[in-house]
Every structure is written in C-alpha cells, then in structure tokens.
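Only one structure is covered here, and it is reproduced in the block below.
The values are calculated or read from the model by the stated rules, or taken from the named source; none is laboratory data. No experiment lies behind these values; they were computed from the predicted model shown. Because the Cβ atoms are built from the backbone with ideal geometry, glycine has one as well, and the counts that use them run over all protein chains shown. All accessible areas refer to the heavy atoms of the entire protein, side chains included, with ligands and DNA or RNA removed. Shrake-Rupley method; radii C 1.70, N 1.55, O 1.52, S 1.80 Å.
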Amino acid sequence: MLEIQDLHVKFHNRDREAVAGVSLTIHDGEILGLVGESGSGKSVTAMSVAGLLPRKQCTYSGRILLNGTGMLQVDRSVMRRQQGKEIGVVFQEPMSAMNPLMKIGKQVEEALYIHEKQLSKAERRARAIAALADVELPDPEAVYEKYPHELSGGMLQRAMIAAAIITRPGLLLLDEPTTALDVTIQAQILELLKKLNREYGMSMLFISHNLKVVQKLCTRVAVMQRGVLVEEGLTDEVMLHPREEYTKRLIAAIPTRPQPKGGAQ
C-alpha cells in the first residue's frame, strides 16, 4: 500500500532536518503505529504522505510510493486527486480542525464535492449519513444538521473519521486521534478503528506518543527520535524486548496504576 524510501524533510527556519532518512512500509490492510515524543518527526512524516507539507517552507527528498505510484514530487493537481480519495487524514484536535461555522454533514461530505461530482445533493447527504452511521454516531440524521460546538469531543472525533472514510480510501493517516480524549472514549475510538480496518481493509498509519495505545491497535510499530527511525518491529516484541534505550524510556514513561497499600483489594 505505502512505501517510504529515504525521506528527508528540512524546514527553512530550522537548523536540523525534521525527518532524516526515514524508510517505512505499510502493507495492504495493515495498521502501523508510529511513535515518539513531540518533535520527533511523526506528524511531518504523515503530512509528507498526505501531500500537506508547505512546499515553499521546506526542502524534501526521497520517495513516497502509494500503490507503486510516486507521490512526493508530483504536481499539486495530481496529489489533489489522491487527497480525500485514496488518502484520508484524521487530525488530533477535531474542534480546531473542523469549521465551526459549517454543519457537520457538509464537512463530512466535502470530499464528495471534489471526487464524486456526479452525485446529487440527496445522494451526498445519504452518503454522509451512512458514514456517520459507520462510525457509530447515534442518530446520524440529527448529527448531520448539528454544528461542531454541539457535539462532545468523542462525537467530533467520530465525525472527523466519517469525513476521512466517506470515499473509502485505501490509506488512513491518524495523527494522535485519541490524545485529547478520556480513556473510556479513547478505548471506543480504538475499537472503531479496528472495525473499520476489519470491514473495509483500510491500511492505517497511527501516530501516537503512547506505546500502550499503539499496542492495543497496531500489530507493528516504528519508533522515531529526532527525525530518525530508531527501532521497528512487531508491537508486542518491541514492548517486551526493546533494543534501543530511547524505546525503553518511552515504555518506562507509560503511566501505571499505583498498587494498593497494605494488601488492600
């Protein structure tokens, strides 16, 4: 599905590369976790794949192949045909990513205006409501008519996922989609992503700083530090037998429940 070969990205206002020679592969139907602390280059790698890099503000090199087709140096018009069609993106903060002045339904069906122009207004509405139902939002017809401020954080995140999957893209990029959610809603979103992967066979790149979250969702994980890929492998193996000191520190940073004192149950 996706192959990244020796990707380098450097912003003009930074001294070092944001991404320094990263190579990654995501197979059809696979969920790959990409983890690391803030500033490690995770999001820049994903935005390179999505074609959302500010090209006038950075230099880049390497190759990004989507189903064998090179995407990094293609014309914007070519990339535009892939964005929202073959590549869906879910951002970290739904309240800031969604337009507060537009109803949810219009934002969910936005990709259809670009990629399926033959659809009528009624057909777009039906597709958007179906996508909202796919992400298990209650009463999707009512949600379609609401504004972002009328939904909870978890419901907004589901709406953003609906917008990303409405065209059934082969690749879904998820940039820390559970970070702003409480643990109960976080678990629900992870189960939803598993369902979408299982039912539609979508490949996913799941970005997080939390290895515990990645372990619940991803079969394979890649660890980034300062723009470099330092470790990669099956998630359970990396969690149990990390090779790099940086990975060990990430695992050690996972919060744990305090043990009850005095043997209390």
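If we keep just the residues of region 140-159 that are under 23 Å from SER43 (Cβ atoms) and open to solvent by less than 20 Å² (accessible area, probe 1.4 Å), which is modelled with the lowest pLDDT?
In this case the residue turns out to be GLY154.
Of the residues GLU37, GLU17, which single one is outside any strand (DSSP E or B), touching a residue at least 12 places away in the same chain (Cβ under 8 Å) and surrounded by 17 or more Cβ atoms within 10 Å (Cβ to Cβ)?
GLU17
Do we find that GLY88 is in contact with a His (Cβ under 6 Å, 6 or more places away or on another chain) and either in a strand (DSSP E or B) or farther than 23 Å from HIS27 by Cα (or both) in this structure?
Judged against the criteria, GLY88 is not a match.
Within region 117-143, can you find the residues that are more than 21 Å from LEU193 (Cα to Cα) and either acidic (Asp, Glu) or assigned to a helix (DSSP H, G or I) (or both)?
Residues satisfying the conditions are LYS121, ALA122, GLU123, ARG124, ARG125, ALA126, GLU141, ALA142.
Test of understanding: among GLY105, GLY36, which residue is of a type outside the set (Lys, Arg), touching a Lys or Arg at 6+ places or on another chain (Cβ under 7 Å) and over 28 Å from ALA131 (Cβ atoms)?
GLY36
Let me confirm something: among VAL44, VAL9, which residue is buried (at least 21 other Cβ atoms within 10 Å of the Cβ) and in a strand (DSSP E or B)?
The conditions single out VAL9.
Please go through region 213-246 and pick out each residue that is in a strand (DSSP E or B) and open to solvent by 10 Å² or more (accessible area, probe 1.4 Å).
If the condition is that a residue be in a strand (DSSP E or B) and open to solvent by 10 Å² or more (accessible area, probe 1.4 Å), then ARG220, GLN225, VAL228, LEU229, VAL230, GLU232, GLY233, LEU234 are the ones that fit.
Select from region 70-79 the residues that are over 17 Å from MET1 (Cα atoms) and either open to solvent by less than 70 Å² (accessible area, probe 1.4 Å) or part of a helix (DSSP H, G or I) (or both) and list them in ascending order.
Passing the criteria: VAL74, ARG76, SER77, VAL78.
Do you know which of the residues in region 193-212 that are aliphatic (A, V, I, L, M) and part of a helix (DSSP H, G or I) is modelled with the lowest pLDDT?
Top of the filtered list is LEU211.
Across region 91-116, which residue is surrounded by the fewest Cβ atoms within 10 Å (Cβ to Cβ) among those that are in a helix (DSSP H, G or I) and touching a Phe, Trp or Tyr at 6+ places or on another chain (Cβ under 9 Å)?
Per the stated criteria, the residue is LYS106.
Could you run through region 80-90 and say how many residues are crowded, with 17+ Cβ neighbours inside 10 Å and more than 19 Å from ALA159 (Cα to Cα)?
Residues in region 80-90 being crowded, with 17+ Cβ neighbours inside 10 Å and more than 19 Å from ALA159 (Cα to Cα): 1 in total.
Only residues that are among the hydrophobic types (A, V, I, L, M, F, W, C) and either open to solvent by 10 Å² or more (accessible area, probe 1.4 Å) or free of Cβ contacts under 8 Å to residues at least 40 places away in the same chain (or both): list them for region 176-212, please.
ALA180, LEU181, VAL183, ILE185, ALA187, ILE189, LEU190
Within region 147-192, can you find the residues that are assigned to a loop (DSSP other than H, G, I, E, B) and hydrophobic (A, V, I, L, M, F, W, C)?
Correct list: LEU151, ILE166, ALA180, LEU181.
Does region 49-69 contain at least one residue that is open to solvent by less than 80 Å² (accessible area, probe 1.4 Å), at pLDDT 85 or above, out of contact with any helix residue (DSSP H, G or I) (no Cβ under 6 Å at 6 or more places or on another chain) and part of a helix (DSSP H, G or I)?
Checking region 49-69: at least one residue is open to solvent by less than 80 Å² (accessible area, probe 1.4 Å), at pLDDT 85 or above, out of contact with any helix residue (DSSP H, G or I) (no Cβ under 6 Å at 6 or more places or on another chain) and part of a helix (DSSP H, G or I).
Does any residue in region 56-81 that is under 18 Å from PRO169 (Cβ atoms) and touching a residue at least 60 places away in the same chain (Cβ under 8 Å) come within less than 6 Å, Cβ to Cβ, of a residue that is outside any strand (DSSP E or B) and of a type in the set (Val, Ile, Thr) six or more places away or on a different chain, and which pairs are these?
From residues that are under 18 Å from PRO169 (Cβ atoms) and touching a residue at least 60 places away in the same chain (Cβ under 8 Å), the pairs are ILE64/VAL49.
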